[in-house]
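Comments concern the structure below.
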Amino acid sequence: MNARVKQLWIDALRSGRYYQTFHEFRVQFINDCDCYCASGVLMHLYSQEVTRISNWDSIPIEVLEWAELPTATPSPNDSANEFSIYDVIELNDGLKSFAEIADFIEEHF
């Protein structure tokens, strides 16, 4: 993973500026209060630094390439110890906090 993007992501997850949601990359509310999953935070950082994301239904491959994360869906039989965005999604949807996910990213990416 790109070291600069990794630190941006970890800092954002620990910042307290983001409200966490589950099973959605981003949820918008009428009062301009957006909630993000951990991967959605990465997407938001990309949209601030590179270009606006218009479709929040799935994570664009451009975001993964920018972050230098694997772009292929891992195989269940894959013995490689390379972690991917799918591990972050599982942690988030498994109700891990942003702080716990930041610790995971810091240690494994």
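Looking only at residues of the stretch 72-93 that are under 14 Å from the mean Cα position of the chain (by Cα) and not in a helix (DSSP H, G or I), we find that the one that is modelled with the highest pLDDT is SER84. Within the stretch 1-36, if we keep just the residues that are assigned to a loop (DSSP other than H, G, I, E, B) and in contact with a Phe, Trp or Tyr (Cβ under 7 Å, 6 or more places away or on another chain), the residue that is farthest from ILE89 (Cα to Cα) turns out to be CYS33. Across the stretch 97-109, what is the total count of residues that are crowded, with 18+ Cβ neighbours inside 10 Å and either at pLDDT below 95 or part of a loop (DSSP other than H, G, I, E, B) (or both)? Residues that pass the stated criteria total 1.
This table checks each residue for (1) crowded, with 16+ Cβ neighbours inside 10 Å; (2) closer than 19 Å to LYS96 by Cβ; (3) out of contact with any helix residue (DSSP H, G or I) (no Cβ under 9 Å at 6 or more places or on another chain).
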position	(1), (2), (3)
PHE22	no, yes, no
ASP34	no, no, no
LEU42	yes, yes, no
LEU69	yes, yes, no
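ALA38 satisfies every condition listed in (1) closer than 22 Å to SER97 by Cβ; (2) exposed (fewer than 12 other Cβ atoms within 10 Å of the Cβ); (3) at pLDDT 95 or above except (2).
The values are calculated or read from the model by the stated rules, or taken from the named source; none is laboratory data. Predicted model only: the values in this text are computed from it and were never measured. Neighbour counts are summed over all protein chains in view; Cβ atoms, including those assigned to glycine, are modelled from backbone coordinates with ideal geometry.
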